[in-house]
Amino acid sequence: MSEPKHPGSIQYIDGKTQQVTQTVNVSEVPANLRFAETPEGLVPVVKVVAHQEGNQRIIREYGPEGQFLRSTVQVRPPSR
């Protein structure tokens, strides 16, 4: 499957404040994070929103038309 054209950058946003924390050129992002596989094919990721809740970090990725693409939950291991 060929990759569609990417708009060129990905915005990283703090989920609590909704402020852009970083805008990264897509050439600086690993290939597997540039696009999301959907039933319609590959869609460019253009916005990543990270929200911290306790020991969990929830990451949501969105496409160029604002469509939700995927989410990931990271859990911090308990302190020893």
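The values are calculated or read from the model by the stated rules, or taken from the named source; none is laboratory data. This is a predicted model, so every value here is computed, not measured. Quick reminder, even Gly has a Cβ in these numbers, built from the backbone with ideal geometry, and neighbours come from all protein chains shown. When the accessible area is computed, the model is the full protein with side chains, heavy atoms only, and any ligands, DNA or RNA have been set aside. Shrake-Rupley method; radii C 1.70, N 1.55, O 1.52, S 1.80 Å.
Given the criteria in contact with a Ser or Thr (Cβ under 8 Å, 6 or more places away or on another chain) and hydroxyl-bearing (Ser, Thr, Tyr), does Ser71 qualify? It would help to see each step written out before you state the result.
Numbers: in contact with a Ser or Thr (Cβ under 8 Å, 6 or more places away or on another chain): no; hydroxyl-bearing (Ser, Thr, Tyr): yes.
Judged against the criteria, Ser71 is not a match.
Checking each residue in region 47-63 for being open to solvent by less than 60 Å² (accessible area, probe 1.4 Å), out of contact with any Leu (no Cβ under 9 Å at 6 or more places or on another chain) and not aliphatic (A, V, I, L, M) picks out only His51.
Among residues belonging to region 8-46 that are under 18 Å from Val73 (Cβ atoms) and in contact (Cβ under 8 Å) with a residue 24 or more places away in the chain, point out the one that is most open to solvent (accessible area, probe 1.4 Å). So, considering only residues that are under 18 Å from Val73 (Cβ atoms) and in contact (Cβ under 8 Å) with a residue 24 or more places away in the chain, the one most open to solvent (accessible area, probe 1.4 Å) is Lys16. Residues of region 70-78 include at least one that is touching a Lys or Arg at 6+ places or on another chain (Cβ under 9 Å), exposed (fewer than 14 other Cβ atoms within 10 Å of the Cβ) and aliphatic (A, V, I, L, M).
Matching residues to (1) under 13 Å from the mean Cα position of the chain (by Cα); (2) of a type in the set (A, V, I, L, M):
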| site | (1), (2) |
| --- | --- |
| His6 | no, no |
| Ile10 | yes, yes |
| Val20 | yes, yes |
| Val24 | yes, yes |
| Leu33 | yes, yes |
| Gly41 | no, no |
| Thr72 | yes, no |
| Arg80 | no, no |
